[in-house]
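To keep things clear, I will list the structure first and then write my remarks on it.
The values are calculated or read from the model by the stated rules, or taken from the named source; none is laboratory data. What you see is a predicted model, and the numbers here were worked out from it, not measured in a lab. Cβ atoms come from the backbone with ideal geometry, glycine included; neighbour counts cover every protein chain shown.
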Amino acid sequence: MKTKNSPWIYALVGMLTTTVVLAFARLSYGVILPFMKDGLQISYKEAGYLGTTTSLGYLATVVFAGVLATKWGGRRTVILGISVVTLGFTGLAFSPFYWMTFLFMLLLGVGTAFTYTPFISLLVARFPLKKGLMIGLATSGAGIGILFAGMFVPYLTSVFPDIGWRMVWGIYAVIGLLVVILSSLFIHNPPMESNGVKSKQNTSLKEIYTNPNVIRVGLIYGIVGVTYIVQVIFVMSFMIESGVNSTVAGQLMAVNGILSIFSGFIWGGISDRLGRRFSLMATTSITTLAMLIPVLFPTILGFSVHIILMSCTITGLFTLIQASSMDYVKPSDMPVAFGYVTFYFAAGQLIGPTIAGWMIDGGGGFKTAFFFCSICLAIGFLLTVKMKNSAQVPQLGQELSAK
């Protein structure tokens with residue numbers, strides 16, 4: 001029984017899960033994009049539409065995924081989600097036409113929705129006193145996946161110029177299948193009752209959805225959704241178009257992956273001790289600066305500093321926002337609050353690639369798109385200044401003190 005409840009088992013499977021559904025299904029698209037674009041003979045605008053399709057699948061199903069998880073169980077929902085993502089990978093590996101890739105990119109978004117939010121909620125329910133740390137450990141899988149992509153995508157596409165990008169999607173499918181098996185063996189639903197006492201009454205959905213603290217977190221998450229998806233999709237292409245060798249660009253993405261592995265749980269641990277507000281202010285300000293650097297200095301040095309600053313903060317920013325979304329509600333309402341703010345994030349990811357693709361192909365280029373992201377992040381920083389730590393919320397503070 002101890003094995004089933006071990007936080008390290010859940011953290012390990014969580015890392016692998018986020019590697020598949022976040023890094024492979026969402027974030028590594030930007031690394032594959034230059035080679036996939038040539039293989040399918042499409043423009044950056046059309047590539048942006050593919051990224052938007054994935055975000056649309058996520059947005060359309062993320063709320064329903066939370067409802068299904070409460071009725072069907074988080075474990076089964078997570079296994080279903082990873083299976084759908086794996087099917088999407090398989091389809092992309094063999095899809096011969098641009099229009100056909102839309103279906104499989106859609107599956108990546110749907111599968112991520114049915115996996116990520118239910119899994120994080122399951123983690124928090126099992127380990128409520130370590131939610132910042134556990135979310136950080138799980139999301140570090142995104143860094144592991146980016147590291148893998150940064151190393152192997154340029155290699156495979158150089159050895160197999162015509163089909164290398166398809167082989168990458170195929171390898172992702174094999175890894176996805178492995179994670180399905182591991183999740184089936186080691187992940188279990190949290191107990192429905194805590195200490196033998198049932199939750200007497202949940203807060204109404206209206207109270208959660210109109211909670212100003214939760215809304216503020218949602219707006220920040222939406223901004224991160226817009227900006228981060230633009231960065232991960234287009235930064236590789238930005239580097240190559242600015243004269244950076246594709247192998248060097250891939251190595252920088254690998255560095256991004258290495259540093260991102262540690263960012264999540266380090267910032268999560270810091271925030272558990274010093275508060276979410278301070279940690280969010282620090283990460284959003286650094287991320288805003290990082291996004292500006294390649295706009296002003298589109299050189300190898302500029303991109304290197306950009307990658308280092310982003311990788312040291314962005315995974316932590318995800319961790320902090322996700323933990324913050326559950327800081328202002330009762331434990332029994334945490335999955336609802338998390339699902340609600342994730343909707344903002346998904347909406348941001350839906351519009352981000354389309355806006356950026358329009359800016360890039362419309363004559364402004366990559367610099368305009370990244371400058372737009374910097375402005376959005378600056379607005380996000382202003383929102384974090386007005387945040388409260390959970391202990392400053394009277395009702396919640398009393399509840400936590402009682403515990």
**Fill in**
Reported set for segment 210-261 where residues are under 16 Å from residue 315 (Cα atoms) and either small (Gly, Ala, Ser) or outside any helix (DSSP H, G or I) (or both) is 222, 225, 254, 257, 260
**Message:** Just the residues that are under 14 Å from residue 147 (Cα atoms) and polar (S, T, N, Q), please, taken from segment 1-51.
**Reply:** 18, 19, 28
**Asked** Are any residues in segment 31-80 among the hydroxyl-bearing types (Ser, Thr, Tyr) and over 12 Å from residue 118 (Cβ atoms), and if so, which ones?
**Response** 43, 44, 49, 52, 53, 54, 55, 58
**Request:** Scan segment 41-82 for residues that are under 23 Å from residue 240 (Cβ atoms) and touching a Pro at 6+ places or on another chain (Cβ under 7 Å) and jot them down.
**Result:** 48, 51, 52
**Item:** Number of positions in segment 143-165 that are of a type in the set (A, V, I, L, M, F, W, C), modelled with pLDDT under 80 and under 20 Å from residue 319 (Cβ atoms)
**Value:** 2
**Request:** Taking only segment 1-57 into account, find how many residues are in contact with a helix residue (DSSP H, G or I) (Cβ under 6 Å, 6 or more places away or on another chain), closer than 30 Å to residue 122 by Cα and not in a helix (DSSP H, G or I).
**Result:** 1
**Item:** Meets criteria (farther than 23 Å from residue 148 by Cα and surrounded by fewer than 24 Cβ atoms within 10 Å (Cβ to Cβ)) for residue 308
**Value:** no
**Message:** It is to be established whether one or more residues within segment 67-82 are touching a helix residue (DSSP H, G or I) at 6+ places or on another chain (Cβ under 8 Å), crowded, with 23+ Cβ neighbours inside 10 Å, free of Cβ contacts under 8 Å to residues at least 60 places away in the same chain and assigned to a helix (DSSP H, G or I).
**Reply:** yes
**Item:** Test: residue in segment 104-112 that is more than 27 Å from residue 244 (Cβ to Cβ) and of a type in the set (Ser, Thr, Tyr)
**Value:** yes
**Request:** Taking residue 348 as the residue in question, decide whether it is closer than 28 Å to residue 46 by Cβ and in contact (Cβ under 8 Å) with a residue 12 or more places away in the chain.
**Result:** yes
**Prompt:** When only residues in segment 156-177 that are free of Cβ contacts under 8 Å to residues at least 24 places away in the same chain and part of a helix (DSSP H, G or I) count, which is surrounded by the most Cβ atoms within 10 Å (Cβ to Cβ)?
**Reply:** 156
**Asked** What is the number of the single condition among (1) surrounded by fewer than 19 Cβ atoms within 10 Å (Cβ to Cβ); (2) at pLDDT below 80; (3) under 30 Å from residue 234 (Cβ atoms) that residue 51 does not meet?
**Response** (1)
**Asked** Among 119, 89, 152, 104, which is closer than 28 Å to residue 271 by Cβ, of a type in the set (Phe, Trp, Tyr) and in a helix (DSSP H, G or I)?
**Response** 119
**Item:** Residue check for residue 266: touching a residue at least 40 places away in the same chain (Cβ under 8 Å) and surrounded by fewer than 24 Cβ atoms within 10 Å (Cβ to Cβ)
**Value:** yes
**Prompt:** Which fully enclosed helices (runs of 4 or more DSSP H) of segment 330-403 have 1 or more residues being more than 18 Å from the chain's Cα centre (by Cα) and at pLDDT 85 or above?
**Reply:** 334-359, 365-385
**Prompt:** Take the residues of segment 263-284 that are at pLDDT 80 or above and not β-branched (Val, Ile, Thr): which is farthest from residue 385 (Cα to Cα)?
**Reply:** 267
**Request:** For residue 315, indicate whether it is part of a helix (DSSP H, G or I) and at pLDDT 80 or above.
**Result:** no
